[in-house]
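Reviewing the structure listed below.
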Amino acid sequence: MIQILRKHLHTIIYVALIVLAVWISYIIVYGKGGIVRRRNLESEIVELQREIGELENRSGMIDVEIQSMRENERSIESYARKIGYRRVGETIYKFIEREQ
């Protein structure tokens, strides 16, 4: 029995090393901190950074509009009309284009 093990020792070691290498490779690629998860997280980060940029841009535009309203009463009136308000006694006519 010992002679058989000695004869096949190199083969057993190679098989064990191959199994170990495959297992480690699997963990590296698909494990908790693996390559696949990292790529998914990186793409999520890019998407969130894009969304943050859009929100910062929108926030800047709203800040400009607020500053304009603080400095100019006509801006307030313009905004109020845009969202559907009117003065007392005023009639608003809306023209709707027909689809052809």
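The values are calculated or read from the model by the stated rules, or taken from the named source; none is laboratory data. Note that the structure is a prediction, hence the values are computed from the model and not measured. Reconstructed Cβ throughout: ideal geometry from the backbone, glycine too, with neighbour counts over all protein chains shown.
This table checks each residue for (1) at pLDDT 95 or above; (2) among the aromatic types (Phe, Trp, Tyr); (3) surrounded by fewer than 10 Cβ atoms within 10 Å (Cβ to Cβ); (4) part of a helix (DSSP H, G or I).
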position: 6; (1), (2), (3), (4): no, no, yes, yes
position: 15; (1), (2), (3), (4): no, no, no, yes
position: 26; (1), (2), (3), (4): no, yes, no, yes
position: 32; (1), (2), (3), (4): no, no, yes, no
position: 36; (1), (2), (3), (4): no, no, no, yes
position: 41; (1), (2), (3), (4): no, no, no, yes
position: 44; (1), (2), (3), (4): yes, no, no, yes
position: 51; (1), (2), (3), (4): yes, no, no, yes
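Does segment 70-100 hold any residues that are within 39 Å of the chain's Cα centre (by Cα) and on the phi > 0 side of the Ramachandran plot, and which are they?
84
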